[in-house]
Amino acid sequence: MSDTAVTTATKIVRRPAAAKSWDVEADICVAGAGITGISAAIEAARLGRRVVLVDSLPALGGQAVNSIIGTFCGMFHNGPDRYQFTYGIADEILTDLGASGDLYYRIGPGWTTVFYDEVALGRWIEEAVKKAGIEMVLGANIRAASFENRRIQELDISTRYGDVRVHADGFVDASGDAVLAWLAGLECREPADGPIYGTQMVVLENVHMDKQPSREELAARMEEKAREYGVVREDGLAFFFEGKDTVALNMTHMETPLEPLAASKMGLEGRAQTRNAIDFLKSEFPDCFRDASVRAYGFPGIRQTRWIKGAYQLNVEDVRSGKEFDDAVARTAWGLEIHDDKHKLYWEGFDKGPHVHQVPLSTMISADADNLVAAGRCIDGDVAALSSVRVMGPCMAMGAAAAHSLDLAGSGSVHQIDMAALKDRLKDNLERRDYRDEACP
Ligand SMILES: Cc1cc2nc3c(=O)[nH]c(=O)nc-3n(C[C@H](O)[C@H](O)[C@H](O)COP(=O)(O)OP(=O)(O)OC[C@H]3O[C@@H](n4cnc5c(N)ncnc54)[C@H](O)[C@@H]3O)c2cc1C
């Protein structure tokens, strides 16, 4: 080719009569690459299992990265004694993103939450998944699950490049919407008294951090004036990332229906609400927000839609009383955070401590299935109980628990695993009490 030549050659192609499809064999298939599925997949791979991770997004990280949730909740004990609850990848993320300056610990009066840079978290996840040797099928919609003899046998998946079938001994349902349980024909639950609202997150940049309103000031002004700006939600939150000039706004409430046409509209509704919230902030707090502009919208954030009917349903009294379970696999102290009212959320914190509540394995497994473990926001709880344990600290612990349960079960049943062995493997997430200076008042 001469220096000025450009590539010009083409070839004729035509779809073959028999469309090609792909078959993937694994020990453990994880459906959903959100923070829960990432924890499950990495943990299972580190146990030496062949893992395939499937997600309908063309990227890893689920809502944690792509909806820009922005804050890890439920990772630390409340009150004055703020030890860490969850280890495994949660610990590694805190250490690595802390070292790169991508975290900010917000020390509240009774609790500590951790703000993270979503770009850095996304990169961390990509590298960790690659290093663990996990097979991925992304941009992949799970459309059928064959279920026989109490086991999921195979998943039927469509991608823009062709169809994929996945066979595995065990399956983790980390889809958030209990997709595997639903497609397998197992009983699932939905909220009975109306929707749990989702939120369109948005990140603003060029914020004057030194002029930021206090949480109380913002709350009071929203209550007084939000409606004048057409802001639907009157108790929205702003997460100012100290050390940067950005704020993540959690200020909208839109329905997140499990129906394709209505679901497609929710993003537009969320963005319209966001626009009103930004107008409100610019007008009411001009010193802080006058130069602010949108850096990024997340994908619509979905909280509680459909979840499994487990062997046990965690209930609100279990959470309030800190009930201890023989089959506990995760712990947290996050409060009841119920988004069932378009205008306000219900919050019942356990901020004074000491308080710990647990997630038992029996909420993660269906009585009718032997090789399926749900984890994350689609385990079984009543609406209030689930609102507490679906935050990301316990989600990561549940992901690890799902991996270990299926590893112990092998080709047997998750209902018959050695519980003492499981709890021994998970003892960090049940008993360990490390302190991080940054998390303590
Ligand atoms: C707006 C909002 C704010 C929140 N704020 C906080 C907070 O500040 N701190 C906190 O700790 N928690 C917060 N939460 C809760 C927390 O973010 C979620 O509950 C948590 O991220 C759930 O993680 P997950 O991995 O279980 O689910 P997800 O992150 O939802 O991941 C599920 C994955 O499954 C995939 N999937 C679904 N169906 C299919 C299918 N058919 N085929 C293939 N893939 C499929 C999805 O694409 C998705 O990537 C918030 C939630 C929302 C919505």
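The values are calculated or read from the model by the stated rules, or taken from the named source; none is laboratory data. Since the model is a prediction, treat every value here as computed from it, not as a measurement. Glycine also receives a Cβ, built like all others from the backbone with ideal geometry; neighbour counts cover every protein chain displayed.
Worth a mention:
- Of the residues LEU138, LEU121, LEU155, LEU94, the single one that is surrounded by fewer than 22 Cβ atoms within 10 Å (Cβ to Cβ), touching a Leu at 6+ places or on another chain (Cβ under 8 Å) and at pLDDT 95 or above is LEU138.
- Each residue in region 97-115 was checked for being crowded, with 19+ Cβ neighbours inside 10 Å and over 17 Å from SER39 (Cα atoms), and 9 pass.
- When we screen VAL54, VAL13 for residues that are more than 15 Å from ALA128 (Cα to Cα) and in contact (Cβ under 8 Å) with a residue 40 or more places away in the chain, the only hit is VAL54.
- Where ARG150 falls short, out of the listed (1) surrounded by 19 or more Cβ atoms within 10 Å (Cβ to Cβ); (2) over 20 Å from ALA45 (Cα atoms): (1)
- Region 41-99, residues that are of a type in the set (Asp, Glu) and within 19 Å of the chain's Cα centre (by Cα): GLU43, ASP55, ASP91, GLU92
- Criterion violated by ALA330 - all others in (1) within 30 Å of GLU224 (Cα to Cα); (2) outside any helix (DSSP H, G or I); (3) of a type in the set (A, V, I, L, M) satisfied: (1)
- When ILE278 is tested against (1) outside the structural domain of ARG221 (by TED's automatic domain parsing); (2) surrounded by 17 or more Cβ atoms within 10 Å (Cβ to Cβ), only condition (1) is not met.
- Helices (runs of 4 or more DSSP H) wholly inside region 333-441 containing at least 3 residues that are assigned by TED's automatic domain parsing to the domain that holds ILE107, in contact with a Leu (Cβ under 9 Å, 6 or more places away or on another chain) and surrounded by 18 or more Cβ atoms within 10 Å (Cβ to Cβ): 383-389, 392-409, 419-425
- Residues satisfying the stated conditions in region 19-45, i.e. of a type in the set (S, T, N, Q) and near the ligand (Cβ under 9 Å from one of its atoms): THR36, SER39
- Qualifying residue in region 282-290 (condition: in a loop (DSSP other than H, G, I, E, B) and in contact with a helix residue (DSSP H, G or I) (Cβ under 7 Å, 6 or more places away or on another chain)): yes
- Taken over region 169-194, the criterion of being outside any helix (DSSP H, G or I) and surrounded by 24 or more Cβ atoms within 10 Å (Cβ to Cβ) is satisfied by GLY170, PHE171, VAL172, ASP173, ALA174, SER175, GLY176, ALA178, ALA184.
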